[in-house]
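The values are calculated or read from the model by the stated rules, or taken from the named source; none is laboratory data. Everything numeric in this text was worked out from a predicted model, so none of it was measured. Note that each Cβ is placed from the backbone with ideal geometry, even for glycine, and that neighbours are counted across all protein chains shown.
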Amino acid sequence: MFKRISSAFNALYTTFSSSVNSLFSSGKLDTEALATLEKILLQADTGVATTQKIIQELKKSPDPDSKAALSTILTQLLAPVTYQGDGDIILLVGINGGGKTTSAAKIAALLQSQHKTVLLAAADTFRAAAVEQLKLWSERLHIPLVTGISQQDPSAVVYQACAEYKKNNYDKLIIDTAGRLQTKSHLMKELEKIQRTITKQLPDKKITTLLVIDSMLGQNSLEQAKLFNESTQLDGIILTKTDGTGKGGIVFTIVDTLKIPIAYVTFGEQADQIAPFNTEKFVSSLIGD
Ligand SMILES: Nc1nc2c(ncn2[C@@H]2O[C@H](COP(=O)(O)OP(=O)(O)OP(=O)(O)O)[C@@H](O)[C@H]2O)c(=O)[nH]1
Ligand SMILES: [Mg+2]
């Protein structure tokens, strides 16, 4: 399990990587080559503002023709925001279909493989199927799960889960939430209530709130992230479905624009298809050494 970290990044960088490498192999980066690089960055979903920043930095670099210069610029762009690691309580939030429930199971499996005791909580009481989905994972992975009944207040499930977590001294509690409620403000209020419930129940525990984003949504994912970031304190992002994109540039846009670190990258539908994000590894996979 969990030996596939490189393949997590593979899908994100392959197109980008081969284009960048062929560009630098021709030696000098003239105006035309810089325009091509700009195009490659934009096609990889880097976004206009961040792309401009990268190109400007490269022009200013004493050695703009070297891949090393680009590598340094990209690393520096990501470096100021690094993920501080998982707290005791991991709360997954995001728009419906992004991959919250699957990511909850994947993180639970990853932590379990590190010999941590894990409790899952199904706080998406909005849809009965959502609870069933997490229940299946819980059975498959042999990880205990706290559920409520359909339409129950999600915070009531979280309350129960916190009590169970405390009582049996678990290392980690992972909470799956709903992606869709009546309105966006309902959703945000619900998340605030869940966070308040945890803080009240477990005042000494560190809560990590992770926004789950579908990488296939490209620039739209940035809009989603902004929306959540406005009303919730986010500690990191889980970028999902990287197996379907080839557009690793979104990583730079998210980090550069929102200053939120990428915590995990997920790919595929198996429990072990998740990798902690690592800046150096990501940049070197992207443009080679
Ligand atoms: N290929 C691929 N599919 C994924 C990945 N993560 C999740 N999925 C699939 O995407 C779909 C939605 O995932 P869920 O985990 O149910 O998403 P969610 O955010 O919980 O959705 P809601 O509960 O509706 O808010 C499911 O079919 C998952 O199997 C991934 O990393 N790669
Ligand atoms: Mg779900």
> When both residues are 6+ apart or on different chains and their Cβ atoms are under 6 Å apart, which pairs have a first residue that lies in the stretch 206-231 and is touching a residue at least 40 places away in the same chain (Cβ under 8 Å), and a second that is acidic (D, E) and surrounded by fewer than 18 Cβ atoms within 10 Å (Cβ to Cβ)?
Replying inline: K206/D88
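For every residue, the table says whether it meets (1) under 18 Å from the mean Cα position of the chain (by Cα); (2) more than 16 Å from ligand 2 (Cβ to nearest atom); (3) of a type in the set (A, V, I, L, M); (4) more than 15 Å from L29 (Cβ to Cβ).
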| residue | (1), (2), (3), (4) |
| --- | --- |
| K53 | no, yes, no, yes |
| Q56 | no, yes, no, no |
| K59 | no, yes, no, no |
| P64 | no, yes, no, no |
| L70 | no, yes, yes, no |
| L77 | yes, yes, yes, yes |
| Y83 | yes, yes, no, yes |
> What number of residues in the stretch 192-222 are within 15 Å of I174 (Cβ to Cβ) and part of a helix (DSSP H, G or I)?
Replying inline: 3
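Yes/no per residue for (1) within 12 Å of ligand 2 (Cβ to nearest atom); (2) surrounded by fewer than 21 Cβ atoms within 10 Å (Cβ to Cβ):
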{"residue": "I107", "(1), (2)": "no, no"}
{"residue": "Q114", "(1), (2)": "no, yes"}
{"residue": "D124", "(1), (2)": "yes, no"}
{"residue": "E139", "(1), (2)": "no, yes"}
{"residue": "V158", "(1), (2)": "no, no"}
> Restricting the search to the stretch 126-137, which residues are assigned to a helix (DSSP H, G or I) and either more than 9 Å from ligand 2 (Cβ to nearest atom) or buried (at least 21 other Cβ atoms within 10 Å of the Cβ) (or both)?
Replying inline: A128, A130, V131, E132, L134, K135, L136, W137
>> Condition first: within 16 Å of ligand 1 (Cβ to nearest atom) and at pLDDT below 90. Can you find one or more residues in the stretch 227-236 that meet it?
In response: yes
> Among the residues of the stretch 94-124, which ones are away from ligand 1 (no atom under 11 Å from the Cβ) and among the β-branched types (V, I, T)?
Replying inline: I107, T117, V118
> Hey, any hits in the stretch 248-261 for a residue that's among the small types (G, A, S) and at pLDDT 90 or above?
Replying inline: no
